[in-house]
Amino acid sequence: MFFYGIKSTGLCCLGCMLGVLISGSLAKAQEIYIMDKLVIKAEPAGEGMETERINRKLLRAHKVVDLAEILSDEYIEATMIRKGAYGNEVAIRGFSQSNLGFFVDDTLLEGACGSRKDPSLSHLSLLNIERLEITQGPFDVTRAGALGGNINIVTRRPRKGMNTDIFGKYGSFGFISGGLLVNGGNSLVRGLLGYSYSESGQYQDGAGNQLSDYNPGYSEEARDMKAFQKHDVWGKVLFNLTENQSLLLDYKYGNAKDIMTPRVGMDIESEKINMSSIEYTLENFGSFSKKIKIKAYYNQVEHDPSNKYRNVSVYMANDVMTSFVGAKIENQQDSGWALLTYGVDFYVRKWNGLQINKDTGIITKPYLFPDVETQDIGLYIKADKEMDKVLMSFGLRGDWFQNEAKKLEDSVLIFSQNLTDTNKDSEIFPSGYIFGKYFLTDELNLFGGVGHSVRTPTGAERYLQASGGFYGNPDLKPTRNTEADIGIQMERNGFSLRAKGFYSLLKDYIYQQSGPPKTWTNINARMYGADLKIVIDLVYNTSLEAAVACQRGTKETQPLNNEDQDLAQIPPLKTRLALSYDNSGFFGIVDWIHSEKAGNVDADAGEQEVLGWNVFNLRAGYEYHPFVVNVGIENILDKAYAVANSYEWDVVGGSGANPKIVNEPGRFVFVNISCMF
């Protein structure tokens, strides 16, 4: 049943992949591929500030439903925005939602929901992921602009030989997850095919409240429903055309059902993703190129929320779809002076949605998203250069951006700000950065840079036609971030230290106003913060890690009817202390994560304070090839607490609606068994 909805082209592609796997199994296995680590790289363009690694043991040891949980647990600068048991968002240094860019294998991916009930990080199976690449700040010109950085999810590639990865996990509150990945191929053609399934009942917090308790609107029949169910299928075929040429075909499909989102008025009845791409690579093409990459892609999300599980008199549902069609041509060239990377990329995003009365079949809101089309064409170049004790990176980018609502001929769209009739908007804007690292010694370096990036308004922010008098604002201007970063790194004799700070000036920052009218507007603001991480190797294969991160945001100008100086959606100070052991196939880690009270909130916008909290977790595992067994207990003391999840407003209700706070799960015990052969 989980194949329902896959297009015929997708089935043909999967059939080809099965053929490749069979042919791969007949070839002599020359190389066995095992995903050894999920790498989190936090890099400003060419030369990185840091590299964080989560190895395979640690990844499999987590009780994790989506990637936002891994980032929040392991990355001190990250804070999760809890929405339910599944489909959670993440903030990096106070930047979240559309202020971060989300990519899958360098292809753009965004959910279809105007209130972001389907964030990008929830759309992929963990079994298919090789690493995450995180760029903080405006230090990447190779991708379309994002305000505070971007996250690129890199999925696994086919390898030579034949191997299989089987994975299963069981945990508290009816959580189960399992999957199978088969890889096969030879030196000419390789393929992989994977499937995973996960589901969970409603978890309970430390006070015994389950998800349906956070919203009194749930019907009696829905109080014991599952929190979510999800199927994922994916496959790739790699053709090595010559020694320096390759062609990669990629397809991913996901189908999720009945996802509870108690913070808002609707749950997700159905959600499907289709992602496909083709990539051609040519390496070592004389002095002209070290590597040329040409890639085209199509990503689509179908999102169908409804009030089916709520106490309502009318069964209403939204039918929303978004898609990206894009391409990129990039060349790397060693000019002798520096390593140059330059290229061109473009995408066209379509976003349309309607609201329907499911009892009568009548379309009640035909232009929830009025066929919004967004286009972007970008040209970029960056140079990475080594000079004795100095590493330098420079980047420039120019974008042409256009945004338009198509369905105007038979309707009158209602816009809030100035009752404008503005529709189509076109702009050209530059961005760029300079970043450097200076080595005082081989073990100690200083780094810093200045960058400028631009974040364009989304289709929802400009054209959403929601309920309760909440509308998009076509007169919104793009937000411009001018940011300075500075830091220090040291590694010496089992001791490492990394400290960094940032300061951002945000011009025309896109912000909700509670009205009247209720809409989005532009303000000027600033963000600043710092983080510190220390790792000390102790005796007997143990190590101690201590980390802290804090950030603040303030308004320089105010939205209508708002006098609070605090910028919303800024997580409070967070610390982590972890003791780990790793030796001879056995590893264990116990950590203490602490968050201060979220007191610097935008009360005039309806944002709520969140109490400070402490949580203790324990994870352990043992590897005896080909088996790996992991066990863990999260929230050992069974505390009732909430992370900073008031930092996302409900666009359906509008700002000032006092969004509901959803607590984290109580004590969660899990076991995971995997087999790789």
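The values are calculated or read from the model by the stated rules, or taken from the named source; none is laboratory data. Just so you know, these numbers come straight off a predicted model, no measurement behind them. Positions of Cβ are generated from backbone atoms using ideal geometry, with glycine treated the same way; all protein chains shown enter the neighbour counts. Just the protein is used for accessible areas: all its heavy atoms, side chains included, with ligands, DNA and RNA removed. Shrake-Rupley method; radii C 1.70, N 1.55, O 1.52, S 1.80 Å.
Once the cut-off is 16 Å, how many percent of the Cα-Cα pairs in region 123-242 end up in the long-distance tail? For region 123-242, the fraction of Cα-Cα distances above 16 Å is 73 percent. Among Val535, Phe95, Tyr315, which residue has its Cα furthest toward the positive end of the charge dipole of the chain, with +1 on Lys/Arg Cβ and -1 on Asp/Glu Cβ? The residue sitting farthest along the positive end of the dipole is Val535. In this simple spin-label model, placing a label point 7 Å from the Cα along the Cα-to-Cβ direction at both Ala296 and Leu538 gives a separation of 5.7 nm.
Send over a whole-number figure in Å² for the accessible area per residue of the chain, probe 1.4 Å.
Roughly 38 Å² per residue, with all protein chains present.
Pop a pseudo-label 7 angstrom from the Cα along the beta-carbon direction at both Ala603 and Arg492 and give the gap in nm to one decimal. Using points 7 Å along Cα→Cβ, the separation is 4.8 nm. Evaluating 6.51 cos²θ - 1.76 cosθ + 1.60 at θ = phi - 60° for every residue in region 105-113, the Karplus couplings come out as 6, 6, 10, 5, 9, 9, x, 9, 7 Hz, glycine and proline recorded as x. List residues of region 605-638, by number, whose backbone nitrogen lies under 18 Å from a label position 7 Å along Cα→C-beta of Phe586. Under cut-off, by backbone N: 618-625, 627-633. Taking the Cα centre of region 500-539 as origin and assigning +1 to Lys and Arg Cβ atoms and -1 to Asp and Glu Cβ atoms, the resulting dipole is close to 160 debye. Here the Debye sum runs over all C-alpha atoms of region 176-300 as equal scatterers in vacuum, and log10 of I(q)/I(0) at q = 0.11, 0.12, 0.17, 0.19 Å⁻¹ comes out as -0.60, -0.66, -0.92, -1.05. Maximal additional length on extending the Val631-Lys389 stretch stands at 82.6 nm, based on 0.36 nm per residue less the C-alpha distance. Karplus-based coupling profile of region 138-153, in residue order and whole Hz: x, 10, 8, 9, 7, 10, 4, x, 10, 5, x, x, 8, 10, 10, 8, with θ = phi - 60° in 6.51 cos²θ - 1.76 cosθ + 1.60 and x standing for Gly or Pro.
Residues Ile292, Ile523 ordered from highest to lowest accessible area at a 1.4 Å probe: Ile292, Ile523. For the chain, the Cβ-based charge dipole about the Cα centre amounts to some 1100 debye (Lys, Arg positive; Asp, Glu negative; other atoms uncharged). Amide H contacts for Tyr315 (H built 1.01 Å from N in the peptide plane; partners 5 or more residues away or on another chain; cut-off under 5 Å): Lys358, Asp359. Temperature 10 °C, viscosity 1.306 mPa s: under these conditions the Stokes-Einstein estimate for region 586-647, based on its Kirkwood radius over C-alpha pairs, is 112 µm² per second. Label-to-label distance for Asp638 and Leu188 is 6.2 nm, based on points extended 7 Å past Cα in the beta-carbon direction. Rounded if a/c is under 1.5, else prolate if a/b is larger than b/c, else oblate: which is region 267-347, with a ≥ b ≥ c the root eigenvalues of its Cα gyration tensor? It comes out prolate by the Cα gyration axes. Please name whichever of Asn240, Ile273, Ser393 sits farthest to the positive end of the charge dipole of the chain, dipole taken about the Cα centre and charges placed at Cβ: Lys and Arg +1, Asp and Glu -1. Final value for the positive-end residue is Asn240. Based on Cα contacts under 8 Å between residues 6+ apart, the chain shows a relative contact order of 12 percent. Overall dimensions of the chain, expressed as equivalent-ellipsoid semi-axes from the Cα gyration tensor (√(5λ), whole Å, largest first), are 35, 30, 29.
Placing +1 on each Lys and Arg Cβ and -1 on each Asp and Glu Cβ, with no other charges, gives region 191-314 a dipole about its Cα centre of roughly 520 debye. Measuring spread by the Cα atoms of region 332-389 yields a radius of gyration and Dmax of 23.5, 73 Å.
For the chain, the share of accessible area belonging to carbon and sulfur comes to 58 percent (1.4 Å probe, ligands and nucleic acids excluded). Amide hydrogen proximity for Asp118: with H placed 1.01 Å from N in the peptide plane, the residues at 5 or more positions away or on another chain lying under 5 Å are Cys113. If you look at the Cα atoms of region 65-140, you get an Rg and a Dmax of 11.7, 33 Å. Take every pair of alpha-carbon atoms less than 8 Å apart whose residues are at least six positions apart; their mean separation over the length of region 208-311 yields a relative contact order of 26 percent. In sequence order, region 232-242 has phi-based couplings of 9, 10, 8, x, 9, 10, 10, 10, 8, 5, 9 Hz under the Karplus curve 6.51 cos²θ - 1.76 cosθ + 1.60, θ = phi - 60°, and Gly or Pro positions carry x.
Available extension along the chain between Phe288 and Tyr197 is 28.2 nm, counting 0.36 nm per residue and deducting the alpha carbon span.
If you take the Cα centroid of region 281-332 and the Cα centroid of region 580-621, the two points sit 32 Å apart. Working note: 222 nm ellipticity from helices only, DSSP H runs with n ≥ 4, each -39,500 (n - 2.57), summed and divided by the residues of the chain, gives -1500 deg cm²/dmol to the nearest 500.
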